Amino acid sequence: MTWWWIADFVLIVVVLPVVVAILIQVLIPIFAIRQHADDIITAGAQFGPHLDEITEELVKTRDLVAVAGPEIGRYARAIDNL
C-alpha cells in the first residue's frame, strides 16, 4: 500500500506539472494563431466593397486584353524578323 502512496505522490508532484507545462507550451501558439487568423479575416472582409467599385474597370481590362492578344503575336513576329 505504501508503494501506491509513493506513486500517487510522484504523479502529483512530478508528472502533473510537466503535463501542465507542455499544455501551456502548446496553447500559447494556438491562441496566437487564432489571433492572426482573426486579423486575416478582418482584413479580407475589407476587400469586398472595393471590388464592387472596380467591376467596370475589370470588364474593360478584359476586353482590352482580348483585343490586344492577336496584336501582341503580330508584334512578336515582327521583332523576330529584325
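The values are calculated or read from the model by the stated rules, or taken from the named source; none is laboratory data. Here the structure is a predicted model, which is why all the values come from computation and not from measurement. As a convention, Cβ positions derive from the backbone with ideal geometry for all residues, glycine included, and neighbour counts pool all protein chains shown.
Key figures for this structure:
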item: Test result for Val13, at pLDDT 90 or above, loosely packed, with under 10 Cβ neighbours inside 10 Å and part of a helix (DSSP H, G or I); result: no
item: From Ile22, Ile30, residue being surrounded by 10 or more Cβ atoms within 10 Å (Cβ to Cβ) and without any contact (Cβ under 8 Å) to a residue 24 or more places away in the chain; result: Ile22
item: Those residues of region 65-82 which are surrounded by 10 or more Cβ atoms within 10 Å (Cβ to Cβ) and among the acidic types (Asp, Glu), in sequence order; result: none
